[in-house]
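Notes follow the structure.
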Amino acid sequence: MTTIEEAVEIALEWSRSVFASTSSRRESIVAVDERCIGRVLAKDVKAHVPHPPFAASVMDGYAVNARETIEQTGEQNIEFTVLASEVSRAGPVSTGRLKRAMKALECAYVTTGAALPRGCDCVIPSEQCDVHSNGTVVFVERAALVAGKWTRVSGSDVAGQGETLVRRGEQLTVFDIGVLKYAVDEIAIFNRPRVRILSTGDELVASVRDVHDKFGCIVDTNSPMLGAMCMDSGSEVICRDVTQDDLERTTTFFRSALADEGCDALITSGGASVGDRDFIEAVITSLGGEIHFRRLAMKPGKPTTFATLSRSDGLPPLLVFALPGNPVSAAVTFSLIVAPCIQVLSGSISEPKLRRIHCVLNETLTLDPERPEYHRAVLEWNGATHPSLPIAHSTGRQISSRLLSMRGADVLVELPKGPGVVEKGAIASALVLSDFRRANFHMEKIATPKRDVGHAPFATFTTRNDARVYVLGANGRVLDLKRSVGLEENVRSSCRRSGSSNDVADVLSAPLSMYSNNEIHVAVTDDLPSQALFESIEKTAKRLRIAMSNTSITHRTFARVGLAGNPSDAYGGKVVAASISNFCAEAILTPMVASKRVSFVLGPYDANDYDSFDDMASHVSSHGVDGGVRLLKALCENVKRYCVETKQMIDFSCGFELSYASTIPEQLGLSGSSGIIIAALRCLMQHYGVKMSIDEQASIALRVEHDVGINAGPMDRVQQVYGGCMFMDFSCPKECDSSTLIVHGEYTRLNADLLPPMYLVWRGESASHSGKVHSGLKERWTNRHTNEDSEVAVSMGRLASLAEEIFELFKKGKKIDVNELADRMNENFQLRRTLMGDKVISEANLRMVRMCQEVGGGGAKLAGSGGSCVAVCKNEATAQALRRACTESGYAYEQLKFV
């Protein structure tokens with residue numbers, strides 16, 4: 001079965017191809033008005049002139065030349081002469097009046113929206129003016145003369161000629177309609193994609209009236225529902241029909257769609273399974289179509305097929321989406337697969353896939369042991385029970401025939417396959433179905449925190465943490481003590497140690513509501529508190545600020561692929577590497593405000609229970625004694641040591657709980673351990689306020705991995721801290737800020753958009769341990785000056801040159817030629833093979849790379865130490881061949897999504 005992620009990518013790829021081949025024939029010219037809402041712009045719209053094209057007044061009042069007036073007179077109450085001839089009202093302005101420039105001590109009456117008289121740079125509102133002598137003289141306070149006040153400069157809304165207002169591919173909103181009128185009266189839009197819809201089933205009737213007359217029949221709900229979903233997604237429904245499970249009728253409908261050159265897609269429901277009356281696949285095959293997937297690993301929606309039917313005369317193929325007959329299955333698969341494709345066919349540049357959010361489950365949900373499930377749910381925002389995430393309520397019975405489970409659903413909660421349940425209160429990911437502007441939820445209005453300033457009874461000082469602390473005198477009003485942050489204990493102990501008689505009386509309730517303004521209010525018994533009291537307040541203020549955030553600290557990093565040069569990074573070489581969003585690592589730090597306790601949560605690489613002794617031994621061999629937690633422990637020790645070495649006075653008294661998660665496959669050379677370390681390091685830096693340069697962060701990661709026995713070059717650590725696509729030169733290293741850290745190199749950021757489409761291919765049996773892979777090579781490098789090992793230095797030099805050659809391709813600023821990239825990737829792999837030998841690389845890795853090179857017709861190399869390879873294909877045909885070969889050979893693959 002095909003995963004839903006793979007299915008969506010396959011369908012989107014074909015949709016992009018169809019749109020690219022027909023986009024020039026899809027445009028129409030229309031007037032800019034309300035009928036454009038929801039349409040996709042076919043050409044950029046740029047401004048021709050600034051808007052507004054003149055400096056204007058934003059108030060009714062008197063326009064003056066503030067700068068010259070201030071320079072000419074020192075009076076506090078300034079007298080201006082009103083020039084009746086220069087009155088400016090909103091509307092057309094005579095060209096003669098624009099020739100005169102306003103001088104100091106002159107003014108003219110203006111209305112809102114009117115052009116400012118020449119020379120004026122300020123408008124004084126009428127209510128701030130004292131008018132005398134029948135309106136010929138105006139007195140204005142000097143403080144009101146501020147250049148630019150109550151005016152709008154030319155180009156304040158739109159800068160001027162050439163500024164892009166709306167881009168090609170943007171779906172027009174109600175506000176875009178107004179913005180477009182800045183520049184044009186007509187626009188080019190893409191025509192809506194056109195679709196045909198067919199519902200099949202012997203039990204189906206078109207009208208609900210027929211249900212009463214024909215026992216055993218049900219009304220067709222799919223075709224009207226799918227038609228509505230098509231229109232809502234931005235397509236035009238040419239026709240929709242319902243037919244019995246009949247081979248001839250189904251074939252006729254398919255032929256009509258194929259003959260209609262204006263039809264982009266055919267959407268069917270029912271008849272796509274394996275029953276003796278399911279004819280959809282047979283019809284596709286008889287018409288010479290190509291089936292790209294036919295079964296999905298998902299619930300609901302398993303019997304879903306996507307195919308293409310070729311057309312003659314160079315026309316693009318007809319896209320066929322054969323959806324399940326059960327209404328919920330049809331609705332869910334349409335939302336996940338068809339709707340994104342319609343968006344692509346519409347010409348939209350927006351992300352076509354459904355948006356993903358996190359939510360809290362309101363009930364325990366049972367998992368399906370065979371397939372991931374998309375559970376329909378309604379969202380509720382309840383700030384009292386869970387302030388940051390919505391609550392997901394199931395829509396009831398989730399059987400695929402019950403369309404009522406879709407009604408009102410805001411999201412599809414993503415549930416993994418497997419035995420067991422997901423408990424109530426668990427945080428789950430969900431794909432958004434509804435428009436939140438119309439969803440059935442509402443949150444109570446809250447009082448936005450604010451502060452009053454300038455109250456006399458308060459003495460103030462600023463702490464090192466930049467939090468303003470107000471110390472209230474003995475006569476001030478006090479409320480209940482907030483003991484949870486330990487303020488009273490801190491203050492009392494500090495005062496006792498200093499011998500001070502000052503003591504804490506209480507803490508105002510204000511801190512909780514005042515946190516967003518970075519303020520802490522404290523009540524004490526004396527108007528002149530001691531320094532010891534100030535210090536304890538400062539310490540507590542920092543802890544309280546952490547508590548008030550009420551949010552865990554989260555940082556994420558991404559997997560890394562080496563494109564050229566590796567493994568020369570460990571030997572003074574050069575490499576090109578890139579971050580990919582296909583896989584990520586994440587660390588979450590939750591502060592323990594009232595405790596010094598430090599806790600590590602077991603993650604995906606950790607375990608305390610095993611199926612057998614052999615299972616335990618295998619796990620320890622792969623992950624170490626402590627699995628992933630060992631990385632976190634070693635990191636914390638290194639961070640504390642770093643703070644001591646760099647003389648950073650960090651207060652470690654506020655504890656935390658630290659956890660990690662990772663979707664980066666293990667031991668595939670994708671920088672999984674470095675990703676966890678850097679994500680956790682940044683959580684610790686934010687929690688404790690540790691200052692550390694980006695190069696020092698890479699050095700800390702290198703230290704940590706060395707401490708736990710992971711030995712490799714600096715590429716992974718540098719890539720994780722910089723991200724994106726990077727050229728790294730380690731041949732002429734520069735010193736970091738601290739002499740106690742390891743030396744790194746010179747780095748240049750590259751534009752990953754210049755790379756051709758690339759794929760990551762992997763298989764579990766190909767996994768490699770980086771320490772074992774590099775161990776023999778390190779020994780040879782040490783002996784490189786001897787005759788028998790001189791080859792290693794030559795090979796490392798050539799690896800570095802390959803990275804530099806690819807760097808030069810990037811510097812040209814145009815799309816990199818597939819053949820030039822492929823040749824260097826293939827040579828990179830051959831050099832690595834020569835250096836390490838086939839035994840170290842392993843037969844499984846050799847087979848995988850060889851298949852990618854031969855079937856893809858381009859280049860392939862190991863992405864890192866082994867276990868996965870990165871491949872570039874000669875063209876789309878060879879890319880399709882590679883995907884098929886991967887599926888047939890049991891390899892996993894994904895197209896790279898560069899960060």
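Based on other C-beta atoms within 10 Å, arrange TYR109, TYR660 from fewest to most. Display every interim value, and only then the final one.
Working: TYR109 23, TYR660 26.
Lowest to highest Cβ neighbour count: TYR109, TYR660.
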Q: Using amide H atoms built 1.01 Å from N in the peptide plane, name the residues 5+ places from SER865, or on other chains, whose amide H lies under 5 Å from its own.
A: GLY669
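Please tell me which of these pairs span more than 28 angstrom C-alpha to C-alpha: LYS812/LYS897; LYS353/LYS812; LYS353/LYS815; LYS691/LYS861?
Details: LYS812/LYS897 22 Å; LYS353/LYS812 33 Å; LYS353/LYS815 26 Å; LYS691/LYS861 38 Å.
From LYS812/LYS897; LYS353/LYS812; LYS353/LYS815; LYS691/LYS861, over 28 Å: LYS353/LYS812; LYS691/LYS861.
Using the Cα centre of the stretch 195-353 as the reference point, and only Cβ charges (+1 on K/R, -1 on D/E), how large is the resulting charge dipole? Debye, rounded to the nearest 20. Could you put the intermediate results ahead of the total?
Values: 13 positive and 20 negative charges, 88 e Å.
Computed charge dipole of the stretch 195-353: roughly 420 debye.
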(Q) Suppose the chain between THR554 and VAL49 were pulled fully straight at 0.36 nm per residue; how much longer would it get relative to their current alpha carbon spacing? (A) 177.3 nm
Q: Would you mind calculating the gained length between ASP276 and HIS358 on full extension (0.36 nm times residue separation, minus the Cα-Cα distance), in nm to one decimal?
A: 25.3 nm
Q) Measuring from a point 7 Å past the Cα of LEU315 along Cα-to-C-beta, which residues in the stretch 233-263 have an amide N at less than 14 Å? A) 254-263
Q.
Give the separation of the Cα centroids, the stretch 203-280 to the stretch 789-844, in Å.
A. 54 Å
Q | ³J(HN,Hα), Karplus 6.51/-1.76/1.60, whole Hz, each residue of the stretch 152-162, x for Gly, Pro | A | 10, 6, 4, x, 5, 8, 10, 4, x, 4, x
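Dipole size in debye (nearest 20) for the stretch 56-152 around its Cα centre, Lys and Arg Cβ +1, Asp and Glu Cβ -1? Before the final figure, lay out the partial values.
Working: 10 positive and 11 negative charges, 106 e Å.
The dipole of the stretch 56-152 has a size of about 520 debye.
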Q) How large is the dipole of the stretch 108-174 about the Cα centre if only Lys and Arg carry +1 and Asp and Glu carry -1, each at its Cβ, rounded to the nearest 20 debye? A) 200 debye
Q | Sorted by Cβ neighbour density within 10 Å, fewest at the top, the residues VAL561, VAL421, VAL432, VAL283 | A | VAL421, VAL432, VAL283, VAL561
**Q.** Percent of Cα-Cα distances greater than 14 Å, calculated over the stretch 356-432
**A.** 58 percent
Q) If amide H atoms are built 1.01 Å from N in the plane of the peptide, which residues on other chains or at least 5 residues away come under 5 Å of the amide H of LEU433? A) VAL411, LEU412
Q | Separation of the GLU236 and SER24 label points, Cα + 7 Å toward Cβ, nm | A | 2.1 nm
Q.
If you average the C-alpha positions of the stretch 4-58 and of the stretch 640-695 separately, how far apart do those two centres end up, in angstrom?
A. 43 Å
Q.
Starting from the 7 Å offset along Cα-to-Cβ, what nm value, one decimal, do you get for the label separation of GLU888 and GLU854?
A. 1.1 nm
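Calculated FRET efficiency, THR73 and THR173, Cβ-Cβ r, R0 60 Å, to nearest 0.05?
With a Förster radius of 60 Å, E is 0.75.
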Q. Using the count of nearby Cβ atoms within 10 Å as a rough guide to exposure, how do ASP614, ASP264 rank from fewest to most?
A. ASP614, ASP264
Q. Label-point separation (nm) for ARG407 and ARG798, each offset 7 Å from Cα along Cα-to-Cβ?
A. 7.1 nm
Q.
Considering the Cα positions of the stretch 207-363, please state its Rg to one decimal place and its Dmax as a whole number of Å.
A. 16.5, 56
Q) What full-extension length gain, to one decimal in nm, is calculated for LYS596 and ASP33 as 0.36 nm per residue of separation minus the Cα-Cα distance? A) 196.5 nm
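No lab work stands behind these numbers, since they all come straight from the coordinates. All figures in this text were calculated on a predicted structure; none of them were measured in a lab. In this analysis, Cβ positions are derived from the backbone assuming ideal geometry, glycine residues included, and neighbour counts consider all displayed protein chains.
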